[in-house]
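Colleague: One structure, as structure tokens, below. Some questions next.
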């Protein structure tokens, strides 16, 4: 047996290169980047985002694209069908519907977003405190919310609108007076879950006070459900605005809101159907956009659906 | 169970008290006297009228009187329709609204479950997409616009169904459909997602491997188990139908309670607004309690207990 000698050059070091194995092959992504990546893949939700961006831009630019404004009457050209001169036609006072639609977009979007923001502010504070303090305080705060919660929402809104002077402020106030409870309940549920986590205990041990723990630890971690609830509050408010306008409790003339335009359109439907068509189209598109964005967010934030 | 129901009833009474109190004071705070629309009345008649309606007493005494009469289920006279009491209006209008509401609830449940089931069984096929487009439409279009649209196309343009009024069964189809559209869409989406979840379960696989045919699996296992979210939607469904009836009854000229309510809003007929609000609230609170109890009876996994500290 002849033993063959293997030359040293044939040996090669395998492994042991610690610098390479510790390298992170993919860029690290934060939670929100991950959510955004999944959200982007949802075509329907992205359609909603694009729609909303267009609507928002048009609500600012749209009124200036025509030589008309939303309040000036021109009885000589009342109830005209859509044409080169009046793109969406005119209403019974000869006002240009195209211009009014985009002014209405401002009002409807403002109502929706303002209602959502007020709900957010009250709901987060109430729900957050209730969940974090716990015990008897939580019991009382939630019982109070429960009783308000059981009051039929639309009935209460209608009552308030009957009694107080109609206007944007009244409408938003009426919507938020019981609207915040949903948000408060969701935040409370989340906070109850989160407050027993170790990082909260660590923060407490380090001497952080309640407001700091709430603002820095608890609220940021409940952002997901809060965001979903907000996106679903907006279409609800727009819906309610349209409903109230139909009952004659909408914003006063000559302000153009989609709800008042649609309810005027319903009255004129038999002879001038386009007067209902355009406000109806834009109300529906907006509600659609917010709904698909809300659904998309829910899917993107759901860890069970993560691949 | 009994303890739970007792507690719920207690809260219901408390909520009702809040509603009655709030409505009472809101209506008293409303601008204008109920008789301000008429000509200048001689002071004696004015005083007589106020005495008749109990308006000469102090606000607190009026409130106590109102509480007592609500407990006795007597909402007093209407301020605008002379000689008619709010109770008359309710007993006249409610049966009509009830019939319309029941038809709408039936339509919403039947069509919604059907659409949702088809969508789930044909997941990611054209049937799924069609069903979900219908559902999205139903959610995005406010009911009064849906109602006017249906009225315009089916009744005015094609003359297939009557335009308005409340006479025969044909008259009920359009309003019930319009009223059902939004809840139907919600039910379709609920059914679809909960069926998709159920289809993935092991017991469906077991049923398949036992050799059951697919109809039997769908009917006996999938749909049955997927119904729980739909049952829990019954409460919101009832309240959606109820508030939806305001506009639908107005559009189709149906003499139901919803229309009386809307008319009383336009007329500022405060005693009718108050009475109908209280009536609707009782109706809603009781039906939601019933739904909760039914829910626990259907699903043995749910125990009616204090939900504290969940």
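Colleague: If you go through the stretch A:239-255, how many residues are more than 9 Å from chain B (Cβ to nearest Cβ), in contact (Cβ under 8 Å) with a residue 24 or more places away in the chain and part of a helix (DSSP H, G or I)?
Modeller: Of the residues in the stretch A:239-255, the ones more than 9 Å from chain B (Cβ to nearest Cβ) are A:240-241, A:244-245, A:250-255.
Among the residues that remain, those that are also in contact (Cβ under 8 Å) with a residue 24 or more places away in the chain are: A:240-241, A:244, A:250-252, A:254-255.
Remaining after also requiring part of a helix (DSSP H, G or I): A:240-241, A:244.
So the answer is 3.
Colleague: Looking only at the stretch B:137-146, decide whether some residue is in a helix (DSSP H, G or I), crowded, with 23+ Cβ neighbours inside 10 Å, more than 10 Å from chain A (Cβ to nearest Cβ) and in contact (Cβ under 8 Å) with a residue 40 or more places away in the chain.
Modeller: Checked against the condition, which is being in a helix (DSSP H, G or I), crowded, with 23+ Cβ neighbours inside 10 Å, more than 10 Å from chain A (Cβ to nearest Cβ) and in contact (Cβ under 8 Å) with a residue 40 or more places away in the chain, the stretch B:137-146 yields at least one hit.
Colleague: Out of B:111, B:179, report the one residue that is within 27 Å of residue A:281 (Cα to Cα) and buried (at least 24 other Cβ atoms within 10 Å of the Cβ). It would help to see each step written out before you state the result.
Modeller: Values: B:111 fails: buried (at least 24 other Cβ atoms within 10 Å of the Cβ).
Selected residue: B:179, the only one of B:111, B:179 that is within 27 Å of residue A:281 (Cα to Cα) and buried (at least 24 other Cβ atoms within 10 Å of the Cβ).
Colleague: Next question, about the same structure. Tell me whether the stretch B:180-200 contains one or more residues that are in a helix (DSSP H, G or I), within 30 Å of residue B:89 (Cα to Cα) and within 11 Å of chain A (Cβ to nearest Cβ).
Modeller: Start the filter on the stretch B:180-200 by keeping residues that are in a helix (DSSP H, G or I), which leaves B:180-199.
Still in the list and also within 30 Å of residue B:89 (Cα to Cα): B:180-184.
Filter once more, so that each one left must be within 11 Å of chain A (Cβ to nearest Cβ): B:182.
Yes, the stretch B:180-200 contains a residue that is in a helix (DSSP H, G or I), within 30 Å of residue B:89 (Cα to Cα) and within 11 Å of chain A (Cβ to nearest Cβ).
Colleague: Would you mind finding the one in A:207, A:296 that is at pLDDT 80 or above and either away from chain B (no Cβ under 14 Å) or surrounded by fewer than 23 Cβ atoms within 10 Å (Cβ to Cβ) (or both)?
Modeller: Numbers: A:296 fails: either away from chain B (no Cβ under 14 Å) or surrounded by fewer than 23 Cβ atoms within 10 Å (Cβ to Cβ) (or both).
Testing whether each residue is at pLDDT 80 or above and either away from chain B (no Cβ under 14 Å) or surrounded by fewer than 23 Cβ atoms within 10 Å (Cβ to Cβ) (or both) leaves just A:207.
Colleague: Still on this structure, I have one more. Among the residues of the stretch A:256-279, count how many are under 15 Å from residue A:103 (Cα atoms) and either at the interface with chain B (Cβ under 9 Å from one of its Cβ atoms) or in a helix (DSSP H, G or I) (or both).
Modeller: First, the residues of the stretch A:256-279 that are under 15 Å from residue A:103 (Cα atoms): A:256-262, A:278-279.
Checking the rest, the ones that are also either at the interface with chain B (Cβ under 9 Å from one of its Cβ atoms) or in a helix (DSSP H, G or I) (or both) come to A:258-262, A:278-279.
Of the residues in the stretch A:256-279, 7 are under 15 Å from residue A:103 (Cα atoms) and either at the interface with chain B (Cβ under 9 Å from one of its Cβ atoms) or in a helix (DSSP H, G or I) (or both).
Colleague: Same structure again: Test residue B:259 against the stated conditions and say whether it is touching a helix residue (DSSP H, G or I) at 6+ places or on another chain (Cβ under 6 Å) and within 14 Å of another protein chain (Cβ to nearest Cβ).
Modeller: Working: touching a helix residue (DSSP H, G or I) at 6+ places or on another chain (Cβ under 6 Å): yes; within 14 Å of another protein chain (Cβ to nearest Cβ): yes.
Against the criterion (touching a helix residue (DSSP H, G or I) at 6+ places or on another chain (Cβ under 6 Å) and within 14 Å of another protein chain (Cβ to nearest Cβ)), residue B:259 qualifies.
Colleague: Being more than 30 Å from residue B:5 (Cβ to Cβ) and more than 8 Å from every other protein chain (Cβ to nearest Cβ) is the filter here; which residues of the stretch B:238-249 pass it?
Modeller: Kept after step one, since they are more than 30 Å from residue B:5 (Cβ to Cβ), are these residues of the stretch B:238-249: B:246-249.
Those that are more than 30 Å from residue B:5 (Cβ to Cβ) and more than 8 Å from every other protein chain (Cβ to nearest Cβ): B:248, B:249.
Colleague: With within 20 Å of the chain's Cα centre (by Cα) and either modelled with pLDDT under 85 or within 14 Å of another protein chain (Cβ to nearest Cβ) (or both) as the only criterion, which of A:176, A:222, A:170 stands out? Walk me through it before giving the result.
Modeller: Details: A:176 fails: either modelled with pLDDT under 85 or within 14 Å of another protein chain (Cβ to nearest Cβ) (or both); A:170 fails: within 20 Å of the chain's Cα centre (by Cα).
Result: A:222 is the single residue among A:176, A:222, A:170 that is within 20 Å of the chain's Cα centre (by Cα) and either modelled with pLDDT under 85 or within 14 Å of another protein chain (Cβ to nearest Cβ) (or both).
Colleague: Residue check: is residue B:72 free of Cβ contacts under 8 Å to residues at least 12 places away in the same chain and either surrounded by fewer than 19 Cβ atoms within 10 Å (Cβ to Cβ) or more than 30 Å from residue B:214 (Cα to Cα) (or both)? Full working, then the answer.
Modeller: On the way: free of Cβ contacts under 8 Å to residues at least 12 places away in the same chain: yes; either surrounded by fewer than 19 Cβ atoms within 10 Å (Cβ to Cβ) or more than 30 Å from residue B:214 (Cα to Cα) (or both): yes.
Here the answer is yes, as residue B:72 does meet what is asked.
Colleague: Another one. Return only the number of the condition from (1) modelled with pLDDT under 85; (2) over 25 Å from residue B:21 (Cβ atoms); (3) within 14 Å of another protein chain (Cβ to nearest Cβ); (4) in a helix (DSSP H, G or I) that residue B:288 does not satisfy.
Modeller: Tallying (1) modelled with pLDDT under 85; (2) over 25 Å from residue B:21 (Cβ atoms); (3) within 14 Å of another protein chain (Cβ to nearest Cβ); (4) in a helix (DSSP H, G or I), residue B:288 fails exactly one: (2).
Colleague: Tell me which residues, restricted to the stretch B:262-282, are within 11 Å of another protein chain (Cβ to nearest Cβ), touching a helix residue (DSSP H, G or I) at 6+ places or on another chain (Cβ under 7 Å) and under 18 Å from residue B:70 (Cβ atoms).
Modeller: B:264, B:270, B:273, B:274, B:276, B:277, B:278, B:279, B:280, B:281, B:282, listed by residue number.
Colleague: Let me ask something additional. Can you confirm whether residue B:235 is within 13 Å of chain A (Cβ to nearest Cβ) and surrounded by fewer than 20 Cβ atoms within 10 Å (Cβ to Cβ)?
Modeller: Numbers: within 13 Å of chain A (Cβ to nearest Cβ): yes; surrounded by fewer than 20 Cβ atoms within 10 Å (Cβ to Cβ): yes.
Spelling it out, residue B:235 is indeed within 13 Å of chain A (Cβ to nearest Cβ) and surrounded by fewer than 20 Cβ atoms within 10 Å (Cβ to Cβ).
Colleague: Continuing with this model, one more query. Among the residues of the stretch A:66-74, is there at least one that is surrounded by fewer than 21 Cβ atoms within 10 Å (Cβ to Cβ), under 30 Å from the mean Cα position of the chain (by Cα) and within 14 Å of chain B (Cβ to nearest Cβ)?
Modeller: Within the stretch A:66-74, none of the residues are surrounded by fewer than 21 Cβ atoms within 10 Å (Cβ to Cβ), under 30 Å from the mean Cα position of the chain (by Cα) and within 14 Å of chain B (Cβ to nearest Cβ).
Colleague: Another question about this same structure. Can you name the residue in the stretch A:225-235 that is at pLDDT 85 or above and within 14 Å of chain B (Cβ to nearest Cβ) and is also surrounded by the most Cβ atoms within 10 Å (Cβ to Cβ) among such residues?
Modeller: A:234
Colleague: Let me ask something else. Do we find that residue B:64 is touching a helix residue (DSSP H, G or I) at 6+ places or on another chain (Cβ under 7 Å), at pLDDT 80 or above and away from chain A (no Cβ under 14 Å) in this structure? Steps first, please.
Modeller: Values: touching a helix residue (DSSP H, G or I) at 6+ places or on another chain (Cβ under 7 Å): no; at pLDDT 80 or above: yes; away from chain A (no Cβ under 14 Å): yes.
So residue B:64 fails the test.
Colleague: Can you tell me which residues in the stretch A:280-292 are within 8 Å of chain B (Cβ to nearest Cβ) and either within 11 Å of the chain's Cα centre (by Cα) or without any contact (Cβ under 8 Å) to a residue 60 or more places away in the chain (or both)? Steps first, please.
Modeller: Start the filter on the stretch A:280-292 by keeping residues that are within 8 Å of chain B (Cβ to nearest Cβ), which leaves A:280, A:283-285, A:287-288, A:291-292.
Once the filter is applied, which keeps residues that are within 8 Å of chain B (Cβ to nearest Cβ) and either within 11 Å of the chain's Cα centre (by Cα) or without any contact (Cβ under 8 Å) to a residue 60 or more places away in the chain (or both), the stretch A:280-292 yields A:280, A:284, A:287, A:291, A:292.
Colleague: Sort out which residues of the stretch B:152-175 are at pLDDT below 85, surrounded by 12 or more Cβ atoms within 10 Å (Cβ to Cβ) and either assigned to a helix (DSSP H, G or I) or within 13 Å of chain A (Cβ to nearest Cβ) (or both), and write them in order of number.
Modeller: Result: B:152, B:153, B:154, B:155, B:156, B:163, B:164, B:171, B:172, B:173.
Colleague: Name, by its number, the condition in (1) modelled with pLDDT of 75 or more; (2) within 13 Å of chain A (Cβ to nearest Cβ); (3) more than 24 Å from residue A:151 (Cα to Cα) that does not hold for residue B:22.
Modeller: The one condition residue B:22 does not meet is (3).
Colleague: Which of (1) buried (at least 17 other Cβ atoms within 10 Å of the Cβ); (2) at pLDDT 80 or above; (3) more than 11 Å from every other protein chain (Cβ to nearest Cβ); (4) over 14 Å from the mean Cα position of the chain (by Cα) is the odd one out, the single condition residue B:304 does not satisfy?
Modeller: Single failed check for residue B:304: (2).
Colleague: Only residues that are more than 8 Å from chain B (Cβ to nearest Cβ) and either in contact (Cβ under 8 Å) with a residue 60 or more places away in the chain or surrounded by 16 or more Cβ atoms within 10 Å (Cβ to Cβ) (or both): list them for the stretch A:138-147, please.
Modeller: Listed by number, the residues that qualify are A:138, A:141, A:142, A:145.
To keep it simple, each residue is scored yes or no on (1) surrounded by fewer than 21 Cβ atoms within 10 Å (Cβ to Cβ); (2) modelled with pLDDT of 80 or more; (3) touching a helix residue (DSSP H, G or I) at 6+ places or on another chain (Cβ under 7 Å); (4) within 14 Å of another protein chain (Cβ to nearest Cβ).
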| residue | (1), (2), (3), (4) |
| --- | --- |
| A:64 | yes, no, no, no |
| A:76 | yes, no, no, no |
| A:81 | yes, no, yes, no |
| A:90 | no, no, yes, no |
| A:102 | no, yes, yes, no |
| A:123 | no, yes, yes, no |
| A:126 | no, yes, yes, no |
| A:135 | yes, yes, no, yes |
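Colleague: Out of curiosity, is residue B:264 surrounded by 20 or more Cβ atoms within 10 Å (Cβ to Cβ) and assigned to a helix (DSSP H, G or I)? It would help to see each step written out before you state the result.
Modeller: On the way: surrounded by 20 or more Cβ atoms within 10 Å (Cβ to Cβ): yes; assigned to a helix (DSSP H, G or I): yes.
Here the answer is yes, as residue B:264 does meet what is asked.
The values are calculated or read from the model by the stated rules, or taken from the named source; none is laboratory data. Not measured: the values here are computed from a predicted model. Backbone-built Cβ (ideal geometry, glycine too); neighbour counts: all protein chains shown.
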